[in-house]
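No value in this document is a laboratory result; all are computed from the given coordinates. Everything quoted here is computed from the prediction, not taken from an experiment. With ideal geometry, Cβ positions are generated from the backbone for all residues, glycine too; neighbour counts draw on all protein chains shown.
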Amino acid sequence: MLNIRLPDGSVKDFPGPVTVAEVAQSIGAGLARAALAGKVNGKLVDTGFRIESDADLAIITDKSAQGVEILRHSTAHLLAHAVKELFPEAQVTIGPVIENGFYYDFAYKRPFTPEDLVAIEKRMGELARKDFAVTRKALPRDEAAAFFESLGEKYKAEIIRSIPVADEISLYSQGDFIDLCRGPHVPSTGKCKVFKLMRVAGAYWRGDSKNEMLQRIYGTAWASKEAQDAYLKMLEEAEKRDHRRLGTQLDLFHMQEEAPGLVFWHPKGWILWQQVEQYMRRVYRDNGYHEVRGPQILDVSLWKRTGHWDNFRENMFFTESEKRHYAVKPMNCPGHILIYNKGIRSYRDLPLRYGEFGSCHRNEPSGALHGLMRVRGFVQDDGHIFCTEDQILGECVAYTALLQKVYRDFGFGEIVYKVSTRPERRIGADEVWDKAEAALSEALKRSGVEYIVSPGEGAFYGPKIEYSLKDAIGRLWQCGTMQVDFSMPGLLGAEYVGEDNARHTPVMLHRAIVGSMERFLGILIENFGGAFPLWLAPEQVVVLSITEHQAAYAEQVAGRLREAGFRAKSDLRNEKISYKIREHSLQKLPYQLVVGDKEKQAGSVAVRTRSGEDLGAMALDAFIERLGNEARA
């Protein structure tokens, strides 16, 4: 008798081996129809997987994130199937799931056109409606490679040849199309009902610029049309908010080929930057941080001692002087340890909190660069806390509360928390990682928040909490981080004298709240669509004269506003007032003040808000008081 334990704790008995699909059918016809895959003893498998012994089983449907991911993976195969039917000479390469969708890379003699995408999507629908069964079979490596070589699929054969001989190679068939994949997949193509092809882009084979350029077709797939429609609407809104377009429209910044991945900040953009930086400086000051500044380049030998050379050097820039080799710093932590090391530290000095707006550079691939969101040169609101092991928990809990307040002040009310655990490439003993991971998990529990665990995604020197904020249109942006590091301080000789008069190695907490300043500003631009709250807006008020007779009064009003500490300017041009209002509305200024003869005589201003609301005439002192209250709020 075979015992299958279900997630609700119940057990179903079967006389012998049974497939996932058969178990689902025994529970109910509705579940059998909805089943996309199964999870047997924690491992995802196809519904055709045969369970040979007692096991824990969960049936996966499109109601779960894993089910939607399987749908997307299978839709990528559906895309490849359609391309091979319409363009038989095309070669298929890889087609993974990505956030909100999938892509597939193809080698073809000419670029795919928008018309091709329409035809491919139509054929995908036809193949889905045929409801081909999706079946798996396993082959020895060399036999599988020979099979794809016989089809002329050299890329698939190359992938297979790179797999160790002992590994089993799984192939999936649907109709007359066969693809290489480890799975699992939906039981039939009819499950793939809601999808849309988005665009074509170039991609190097295996991500190496030395290899040939392929064509990457991106698509999205969902469990329901409603979910897909909501996603497409979000994309439409995101395009309107694109920080690169708004950066040009609002004259905030630009980027150009002479400095790939680096930013030219314009006056208004730099005002926005300074508002964020000065706010964060107040956060440092009010929470016991000492601001420091480290050098931009450090001898390569230092990066070898810290482990960056072995784990991160492909992302670093290097330079040389007088036959001595240096690295441009990709992060600030080693420099902060060197500052800590200058002097004898006592346990009474801990926790010691350093903060730096540190300028870092990383050699990101050119294809990965994306406006302010992915750059090669960036500034971090970087901080490092040197503490004892007993102080880790308190520091992490206090930091989470601080981060929550900062995000609220910037208008972000929803945060997603994730604990990323030890990666394969790392430094430090397992028992040290055990302590660090336990401390982070306990800190979030004490903070009263729910969190997810992301295995293997920690930094090479320690596990971390990742804090992701949700913006106005529902997108998540990972910004904040807290990392527990037992290793790097010891590698660079950091010590403190304990209460026992012995020397001990401090624990180092790496933390950032906004992360990259460039990226955070990009997020702010998109979150607010360029319509910043008053305290952040680069220009807060413009005073518009109706005719030249009010020019002196308009400038007087603007001067009073500037004296009161607000960013104000006057527009005295000989243009129609309707033209001026429209032009400044496009610049998304919070307030426009219109002054004519009536306002001049009364010493008042006519107030218009960014939304177009006319607040009528207001005494200048009353308006200044209104601005002050709004900025403080």
Consider just the alpha-carbon atoms of region 1-67 and return their Rg together with their Dmax, both in angstrom. 10.7, 33
Roughly speaking, what is the centre-to-centre gap between region 35-102 and region 368-406 when only Cα atoms are used, to the nearest Å? 36
Chain lengthening between E291 and Y279 when straightened (0.36 nm per residue, less Cα-Cα): 3.0 nm
In degrees from 0 to 90, rounded to the nearest 10, what is the angle of the helix 517-528 Cα long axis to the longest principal axis of the chain? 90
Surrounding charge for V92, neighbours by C-beta under 13 angstrom, Lys/Arg +1, Asp/Glu -1, total -2
Against the longest principal axis of the chain, how steep is helix 141-150, in degrees 0 to 90 to the nearest 10, with axes from Cα atoms? 80
Candidate cut points under GluC sites (Glu not before Pro) in region 538-583, DSSP loop plus at most 15 other Cβ atoms within 10 Å of their own Cβ, are E575
Ascending count of other beta-carbon atoms within 10 Å, so fewest first, for W433, W270, W222, W265: W270, W265, W433, W222
Please list 3J(HN,Hα) in residue order for region 432-447, calculated via the Karplus relation 6.51 cos²θ - 1.76 cosθ + 1.60 where θ = phi - 60°; whole Hz, with x for glycine and proline. 5, 5, 4, 5, 5, 5, 5, 5, 5, 4, 5, 4, 5, 4, 5, 7
Average silhouette area of region 59-214, convex hull of alpha-carbon atoms, in square nanometres: 9.5
I need the phi-derived Karplus couplings for region 272-285: 6.51 cos²θ - 1.76 cosθ + 1.60, θ = phi - 60°, integer Hz, Gly and Pro marked x. 4, 3, 5, 4, 5, 5, 5, 4, 5, 5, 5, 4, 4, 4
Cβ-derived FRET efficiency at R0 35 Å, M234 paired with D167, nearest 0.05: 0.30
Taking the beta-carbon count within 10 Å as an exposure proxy, list H504, H243, H290, H185 from fewest neighbours to most. H290, H504, H243, H185
Quick check for me: using +1 on Lys/Arg Cβ and -1 on Asp/Glu Cβ, what's the dipole size of region 303-433 about its Cα centre, in debye to the nearest 20? 360
Which loop-located GluC sites (Glu not before Pro) does region 59-134 contain, where loop means any DSSP state but H, G, I, E or B and the Cβ has at most 16 other Cβ atoms within 10 Å? E89, E99
If one compares the long axis through the Cα atoms of helix 65-86 with the longest principal axis of the Cα atoms of the chain, the angle in degrees, nearest 10, works out at 70
Normalised convex hull volume, region 351-442, alpha-carbon set, Å³ per residue: 159
Please list the non-local residues whose amide H lies under 5 Å from the amide H of D54, H modeled 1.01 Å from N, same-chain partners needing a gap of 5 or more. N3
Once R0 is set to 30 Å, what does the formula 1/(1 + (r/R0)^6) return for the Cβ-Cβ distance between A398 and W309, expressed as a FRET efficiency to the nearest 0.05? 0.35
Residues whose built amide H sits under 5 Å from the amide H of Y204, excluding neighbours closer than 5 in sequence, are L214
What length, rounded to one decimal in nm, is gained on full extension from Y347 through to A551, with 0.36 nm per residue of separation minus their alpha-carbon distance? 67.0 nm
Residue-averaged [θ]222 nm for the chain, counting only DSSP H segments that reach four residues, each worth -39500 (n - 2.57): -11000 deg cm²/dmol
Out of residues 5 or more away from I169 or on other chains, whose amide H comes under 5 Å of its own, with H placed 1.01 Å from N in the peptide plane? L139, R141
Which of K130/K240; K156/K418; K43/K191 exceed 29 Å between C-alpha atoms? The answer is K130/K240; K156/K418
Global geometry of region 144-211, whether rounded, prolate or oblate, following the gyration tensor of its Cα atoms and the 1.5 cut on a/c: oblate
So what is the relative contact order of the chain, in percent, for Cα pairs below 8 Å that sit 6 or more residues apart? 8
Least to most buried among M618, M517, M1, M482 (fewest other Cβ within 10 Å first): M1, M618, M517, M482
For region 499-519 and region 187-246, compute the distance between their C-alpha centroids and round to whole Å. 39
Go through region 396-474 and name the trypsin sites (Lys or Arg not before Pro) that are in a DSSP coil and have 12 or fewer other Cβ atoms within 10 Å of their Cβ. R425
Treating only the Cβ of Lys, Arg, Asp and Glu as charged (+1, +1, -1, -1), what charge dipole size does the chain show about its Cα centre? Round to the nearest 20 debye. 800
Pop out the ³J(HN,Hα) list for region 597-606 in order, Karplus 6.51 cos²θ - 1.76 cosθ + 1.60 with θ = phi - 60°, rounded to Hz; leave Gly and Pro as x. 4, 5, 5, 4, 5, 8, x, 10, 9, 8
